[in-house]
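So the structure is just underneath, and the comments pick up after that.
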Number of protein chains: 2
Amino acid sequence: MRYGVLGTGAVGRVLAGRLVEVGHDVQMGSRTADNEAAAAWAAEAGPNASHGTFADAAAFGQTVMNCTAGGASLDALAAAGAENLAGKVLIDVANALTFETGRLTLTVCNTDSLGEQIQRAYPDARVVKTLNTMGNEVMIHPERLPGLHSVFVSGDDAEAKQQVAGVLESFGWPPESIIDLGGIATARGTEMYLVLWIEMMQAAGGDRHFNINVVREAG
Amino acid sequence: MRYGVLGTGAVGRVLAGRLVEVGHDVQMGSRTADNEAAAAWAAEAGPNASHGTFADAAAFGQTVMNCTAGGASLDALAAAGAENLAGKVLIDVANALTFETGRLTLTVCNTDSLGEQIQRAYPDARVVKTLNTMGNEVMIHPERLPGLHSVFVSGDDAEAKQQVAGVLESFGWPPESIIDLGGIATARGTEMYLVLWIEMMQAAGGDRHFNINVVREAG
């Protein structure tokens, strides 16, 4: 499948690289066509990797993945263009974090979420929130951690969530680790969890190689 | 030890009962001295259980546990009285949830937390936030769930957190399951996690017998 990956930061590069690894054609999009990080990534990732503007990458992708910083996501998607997102699965992995107050806070939470904002802004896109609850190395290599641990999906379109589950499985996520929380409004829960994730990361001296496993009663 | 448990709801009754079971003297406090739920609980829980007003219970306890609804906690603690809380470990298990908007939201989050509000209001109390990330049956019988799963503690006073860890261990929590997140400001993370907890509970058809285990890289 052809993927458009929006964003040239660590999350975008890691996810775009993994998508190429598992057999997809990937175009990385950024604000400008000559972004150095995107060009370097495409050169290293081989013949199935390319780069362009947000609009180029969204037009190229049959599926689009939003890997921009949460505070920049709505602008990036506007640059990508509604016509390049319509009807497509739009995988949103972003978190709307800010350190402006000297401490991590979310720019949207509790009564709304970035996932919902994106779905409202692009009603013809099929938004699925996922992978936003962990560090990027755990996203693409869940086997780095021992035993089972969980990844969440939120979205209004059941078929889109099934497709995303397939992508997660191709990254190495066992089907029983994938938890469907329901509609896109449940992105509130996974986005708000980020505050606890940051606290756990800080309490462990900065180590990002962890995740949570949802444990239920046996039987 | 003598415990004052504030609140007569399910969480208060379950925790007060478990404290009696593991060998403590417990007084349950409520707004009025003749609260029926508190009287019934004390009658059933035996000779080491009693009940009274919020102030009675706080005065009785060497340690005080806030099990009131989050939205009522500051009023309940005001009724308990600063003089009855000063110098004591104050274990806060409350979550400030409301369904007023037709959907669960928090009445405080992101830039503040109930745990911090309580610590600010009672600077001489030694507030420890814990157990607020799970249903009450899991709180007191962690062995209900298979394998390891996690409980968090947040508080500014290291000795108070050690004492609380001892209480948790007496309930059956293995020491390696107890995660110290840091100061009381980290109550933000565990309180905000409640939204994801509710979503997981709803996605599983209302089943509350689950928790999360923090999984880290082996080695």
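When the alpha carbon coordinates of the stretch A:15-174 are projected onto the principal axes, the ranges are 43, 39, 37 Å, largest first. What is the Rg over Rh value, at two decimals, for the stretch A:116-190, using alpha-carbon atoms and the Kirkwood definition of Rh? Looking at the stretch A:116-190, the ratio lands at 0.98. When the alpha-carbon atoms of the stretch A:1-109 are used, the pair Rg, Dmax equals 13.6, 43 angstrom.
Our coupling estimate for the stretch B:32-41, obtained by passing each phi through the Karplus curve with A = 6.51, B = -1.76, C = 1.60 and θ = phi - 60°, is 10, 5, 10, 4, 5, 5, 5, 5, 5, 4 Hz, Gly and Pro reported as x. Computed from backbone phi with θ = phi - 60° and the Karplus coefficients 6.51, -1.76 and 1.60, the 3J(HN,Hα) list for the stretch B:192-197 is 6, 4, 4, 5, 5, 4 Hz; x is used for glycine and proline.
Taking 26 Å as the straight-line reach from the Cα of A:Lys129, the lysines in range (excluding those fewer than 8 positions away in the same chain) are A:Lys88, A:Lys161. The mean sequence separation of alpha-carbon pairs under 8 Å and at least six residues apart, normalised by the residue count of the stretch B:100-201, gives a relative contact order of 37 percent. Rolling a 1.4 angstrom probe over the stretch B:45-166 with all protein chains present gives an accessible area of which 51% lies on carbon and sulfur atoms.
Each principal axis of the Cα cloud of the stretch A:71-121 was taken in turn, and the coordinate range along them, longest first, works out to 38, 21, 15 Å. The sum of -39500 (n - 2.57) across all DSSP H runs of n ≥ 4, divided by the residue count of chain B, sets its helix-only mean residue ellipticity at 222 nm to -11000 deg cm²/dmol. For B:Arg126, the residues whose amide H sits under 5 Å from its own are B:Gly87, B:Lys88, B:Val89, B:Leu90, ignoring neighbours fewer than 5 places away on the same chain, with H placed 1.01 Å from N. All Cα-Cα distances of the protein assembly as shown, cut into 10 Å bins from zero to the largest, leave 5, 21, 28, 22, 13, 7, 3, 0 percent in each bin in turn.
The Cα atoms of the stretch B:72-157 define a convex hull whose projected area, averaged across directions, is 7.2 nm².
In order along the stretch A:182-191, the phi-based Karplus estimate (6.51 cos²θ - 1.76 cosθ + 1.60, θ = phi - 60°) of 3J(HN,Hα) comes to x, x, 5, 4, 6, 4, 4, x, 6, 5 Hz; Gly and Pro are listed as x.
Each chain gives up part of its surface: A and B jointly bury about 3400 Å² of accessible area, both sides summed, for a 1.4 Å probe.
For the stretch B:79-219, the direction-averaged projected area of the alpha-carbon convex hull comes to 9.9 nm².
The values are calculated or read from the model by the stated rules, or taken from the named source; none is laboratory data. In this text the structure is predicted, and so the values were computed from the model without any measurement. Only protein heavy atoms, including side chains, enter the accessible area calculation; ligands, DNA and RNA are left aside. Shrake-Rupley method; radii C 1.70, N 1.55, O 1.52, S 1.80 Å.
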